[in-house]
Every structure is written in structure tokens, then in C-alpha cells.
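Please read the structure below before turning to the comments.
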Amino acid sequence: MEIILHWPEYGLHDPSPQGADLASMTELKTSLRKPRPFGPEAFLEHFEQTREQIVARIGRMVELESPSDNKAAVDRLGEMLAGEFAQLGGRVRVHRQRDAGNHMQVDFRGRGRRPPVLLLGHFDTVWPLGTLATMPCIVRGERIWGPGTLDMKSGIALVLAALEAWREVNGGPPRPVTVLLNTDEEIGSATSRTLIERVAKKCAAALVLEPAQGLAGAVKTARKGVGGYELKVTGRAAHAGVDFEKGRSAVLELARQVLRVAAFSGSRPGLTVNVGVIRGGTRTNVIAAEAVADVDVRIARLRDAGFIDRKMRSLRAVAAQCRVEVTGELNRPPMERTRSVLRLFKTARALARELDWELQEASTGGGSDGNFTAAAGVPTLDGLGGVGEGAHALHESVLIAELPRRAALLASMIGAV
């Protein structure tokens with residue numbers, strides 16, 4: 001069965017006839033208010049009852065398309081989210097941007113004097129406006145499908161669900177919580193990096209709601225750092241038939257440089273260098289005067305950033321009368337598996353075991369804003385969001401059955417770290 005979903009704008013009710021009925025919810029809330037610890041098992045029971053509400057919330061977010069490069073569209077979703085966080089008692093602060101979408105910070109006072117825990121995510125996506133016309137948000141089989149479902153609107157839905165649950169049973173989170181959602185993560189976080197680092201340094205830990213790793217739902221304890229370089233070669237144009245000897249081909253010189261750059265991969269553990277885009281020349285009968293390559297660099301260790309930067313900038317032309325220029329830098333430092341990261345993972349694994357769930361850890365070559373918090377010295381655990389497949393692909397989807405225990409883990413972590 002396939003259902004095309006049309007979510008009421010800004011509404012919080014569950015349009016599904018399978019939503020938890022009022023009587024059972026009232027009974028559950030009464031039970032949870034008894035003077036006993038509200039642990040992972042009780043959270044899981046609560047989120048199993050409200051699973052369809054989480055799915056509905058994901059759907060409403062997906063139907064408000066939010067491509068990184070469309071400020072108006074991203075800000076529309078931001079306004080919706082601001083309303084939902086405000087209803088939960090959060091103090092919403094909008095960090096306005098001229099070109100990018102406005103970033104959002106929501107502070108919950110909680111109880112006690114502990115530093116806040118940071119719940120970090122983004123609500124921009126890679127999908128252009130209008131994608132829903134050919135890739136609608138649907139529930140089919142055991143999944144919710146659509147652009148941005150996995151990366152990472154399901155993660156934001158889990159944040160809202162966890163804070164909503166704490167409000168139901170405790171009047172609010174058991175400790176201060178800061179939610180930080182930016183709008184340019186998919187394009188490098190250029191306008192939000194300073195904000196992320198500043199806010200994170202005031203927090204006890206950062207829990208990142210990016211998608212889990214694989215269908216096993218592993219959390220991420222390490223991510224590679226990411227860099228981008230442009231390699232530009234200038235030669236000398238000439239007629240390929242009449243004055244062949246007078247030309248100096250930038251395309252040929254770039255080919256030599258590409259082979260050099262490719263050889264940098266593997267020269268340090270986890271270091272990869274990929275020449276992803278090449279462009280140059282004007283016509284087949286003209287010796288190319290200019291050629292350019294765009295290069296992706298990934299490092300596993302921060303100490304290798306200087307090494308690869310020096311290697312890139314040491315490139316020199318082989319052919320006489322050609323010139324090589326290198327620009328670029330490391331955009332995201334690596335998230336390394338430090339002791340503080342490992343401590344957070346052990347906490348998460350212990351909580352998961354209370355649900356008979358053996359939580360796994362993983363590393364990935366992709367970067368996230370968790371790279372910034374980890375490099376700033378803040379204990380960071382990533383991949384706490386939805387479980388699914390197809391991030392940035394046509395089959396992007398989230399496993400509905402996994403949502404309750406992901407929400408239970410996140411809610412429990414808020415109180416435990």
C-alpha cells in the first residue's frame with residue numbers, strides 16, 4: 001500500500017487513524033509521572049505509542065522543501081520549527097543571515113546548574129525546489145520516503161519528540177539543553193561555523209542528529225576531515241595545425257599534475273585525494289591556454305592537514321612556459337575518536353542495552369558539523385538521527401520501526417551525559 005501524505009501546515013496532530021488514542025496516552029502519562037526513574041524502557045514505550053506522530057512531523061518538514069541555496073524556502077521551514085520549539089517551552093533565537101537561511105538556536109533552561117547538552121543539526125537539504133513533484137513524500141511499506149527524510153529531517157523530528165516527552169513527564173528536560181540548527185551544512189557551513197563553535201564550547205557535550213551509519217543504525221565516533229582545492233594551469237594558446245610547436249597545452253600539463261595529485265592518496269593513514277572535476281580548452285583545433293581541476297581531500301587525523309596542504313602547494317609545472325596555481329584549504333577538521341568521544345559512546349551503548357539493543361559504532365569519510373564541535377574539544381557523538389538509506393539519492397528513506405528506539409536513546413542521553 002502506498003499513501004501520499006499531505007500534512008496540515010504547522011499542525012501537531014497525527015492525521016493517521018493509527019495514532020495513539022487519548023485514553024491510552026492519558027494512562028501512559030499517569031504511569032510515567034509515578035516517582036520512579038524515567039529510563040530507556042519507559043521512553044521506548046512512550047515513543048512506540050506516538051510513532052505515527054513522529055512520522056507525521058517528518059512528513060510536514062519534508063513538504064516544506066528547504067534547499068541550501070534558497071533562503072526564502074529555508075526560512076519558511078525555520079519559521080515552522082521555531083513555532084514548534086516555542087510550544088515546548090524553548091527560548092528561540094534566530095541568527096539572521098543576509099544570503100544563507102537564518103540559523104536557529106533554542107535554549108531550554110531545564111533543572112540544575114549543569115552546562116547544557118547541545119543537540120546539533122541542520123534543516124537545509126541538497127534537493128532543489130520542486131523536487132517533490134517527481135519525488136513525493138510517501139509512506140510505503142516500512143518506510144517514509146522523500147527528499148530530506150534521512151538527511152536530516154528525521155533527526156530534527158527526534159529532537160522534538162525527545163523534548164516533548166520530557167515536557168510531558170517532567171515539565172521540561174532534566175538539565176539545560178541547547179538546540180542548534182543551521183541552514184548551510186550541505187554547502188560547507190561557511191556562515192554557521194563560528195556560531196556552532198561558540199555555542200558548543202559552552203556545552204557539556206554535543207549530540208549530532210545526522211543519520212545513523214547503515215541499516216544497523218551505528219552511531220559515528222569518527223569522521224574524516226574535508227578539504228577542497230582548485231588546481232589551475234595556464235599555458236599558451238596556438239593553432240593546433242598551423243602553430244602547434246608554439247603552443248603550450250594547459251590540458252596536457254594538467255594531466256601530468258593530476259597523476260601527481262592522485263599519488264598523494266595513502267601517503268598518510270586514511271588520507272584520500274580525489275580529482276573530481278576537470279575543465280579546460282576551448283576547441284579541438286586550439287592548444288589549450290587554461291585548464292582547471294577541482295580536488296577533494298579527506299584526512300583522518302588533524303595532524304595530516306598541514307602535510308597535504310604543503311603537498312598540494314608544492315606542485316610545480318613540468319613543461320616550460322606553463323604555470324600552476326593552487327588555491328583552497330581544509331574546510332572541516334576531522335572528528336577523531338578521542339577518549340571523550342568514546343566515553344559518550346559507552347554511555348549510549350549502556351542505555352541501548354537496557355532496550356536489548358547492542359549499539360554499534362562506526363567511522364565515515366563524510367563530514368558534518370560534528371567535526372567542528374569535536375575539533376573544538378567538545379565531547380561529540382554523531383549519527384544519532386534516523387536509520388535508513390539513500391541520503392542525497394532518489395531512494396532516500398527512513399525506517400519507521402527504528403524511530404521509537406532512536407528517540408528513546410536520545411531522550412535518555414539528554415539526562416545521562
Checklist line | Share, in percent, of DSSP beta bridges within the chain that are antiparallel, nearest 5 | finding: 75 percent
Notebook entry, point to check: Which Cα, out of LEU215, SER66, THR338, lies furthest along the positive dipole direction of the chain (beta carbon charges, K/R +1, D/E -1)?
Noted result: THR338
Check: Roughly what would the spin-label model give for THR284 and GLU41, points 7 Å off Cα along C-beta, in nm?
Finding: 7.4 nm
Check: Mind listing the phi-derived Karplus ³J(HN,Hα) values for the range 152-167, rounded to whole Hz, using 6.51, -1.76 and 1.60 with θ = phi - 60°, and x for any glycine or proline?
Finding: 9, 6, 5, x, 5, 4, 5, 4, 4, 5, 5, 5, 5, 5, 5, 5
Notebook entry, point to check: Roughly speaking, what % of Cα-Cα pairs in the range 78-163 are separated by over 15 Å, rounded to a whole number?
Noted result: 68 percent
Notebook entry, point to check: Dipole size in debye (nearest 20) for the chain around its Cα centre, Lys and Arg Cβ +1, Asp and Glu Cβ -1?
Noted result: 2000 debye
Check: How high is the relative contact order of the range 226-332, in percent, with contacts defined as C-alpha pairs under 8 Å that are six or more residues apart?
Finding: 42 percent
Checklist line | Pairwise label distance in nanometres, LEU394 with GLN87, each label 7 Å out on the Cα-Cβ vector | finding: 3.6 nm
Check: When the chain is fully extended, how far beyond the present Cα-Cα distance does ALA350 get from ARG316, taking 0.36 nm per residue of separation?
Finding: 6.9 nm
Checklist line | Rounded FRET efficiency, nearest 0.05, which uses the C-beta distance separating ALA240 from GLU197 and R0 of 51 Å | finding: 0.50
Checklist line | Radius of gyration and Dmax over the Cα atoms of the range 226-332, both given in Å | finding: 15.2, 52
Notebook entry, point to check: Could you give the distance between the Cα centres of the range 215-240 and the range 349-417, to the whole Å?
Noted result: 26 Å
Check: Mean residue ellipticity at 222 nm from the helices of the chain, using -39,500 (n - 2.57) per DSSP H segment of n ≥ 4 over the full residue count, to the nearest 500 deg cm²/dmol?
Finding: -10000 deg cm²/dmol
Next item on the list: Please work out how much length the chain gains when fully extended from LEU129 to GLU329, using 0.36 nm per residue of separation minus the C-alpha to C-alpha distance, in nm with one decimal.
Entry: 69.0 nm
Checklist line | Selection from CYS203, LEU231, GLY188, by position along the positive dipole direction of the range 163-241 (Cβ) | finding: LEU231
Note to self: Cut-off 19 Å, label point 7 angstrom out along Cα-to-Cβ of ALA255: give me the residues of the range 263-289 whose amide nitrogen falls inside.
What the structure shows: 263, 275-289
Next item on the list: Take the Cα gyration tensor of the range 356-410, multiply each eigenvalue by 5, square-root it, and list the three semi-axes largest first, rounded to whole angstrom.
Entry: 22, 17, 10
Checklist line | Cβ-based charge dipole, the chain, positive-most Cα from GLN105, ILE400, LEU88 | finding: GLN105
Item checked: Over the chain, relative contact order from alpha-carbon pairs under 8 Å, at least 6 apart, % -> 22 percent
Margin query: My understanding is that a pair violates if its Cα-Cα distance is over 26 Å; which of LYS71/LYS224; LYS71/LYS153; LYS202/LYS346; LYS153/LYS224; LYS232/LYS311; LYS246/LYS311 do that in this structure?
Written below: LYS71/LYS224; LYS246/LYS311
Item checked: Whole-Hz ³J(HN,Hα) from phi, Karplus 6.51 cos²θ - 1.76 cosθ + 1.60, for the range 48-65, glycine and proline x -> 5, 5, 10, 4, 5, 5, 5, 4, 4, 5, 4, x, 5, 5, 5, 6, 9, 4
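Each value in this text was obtained by applying a stated rule to the coordinates, not by laboratory testing. Fair warning: this is a prediction, and the values are worked out from it, not measured in the lab. Because the Cβ atoms are built from the backbone with ideal geometry, glycine has one as well, and the counts that use them run over all protein chains shown.
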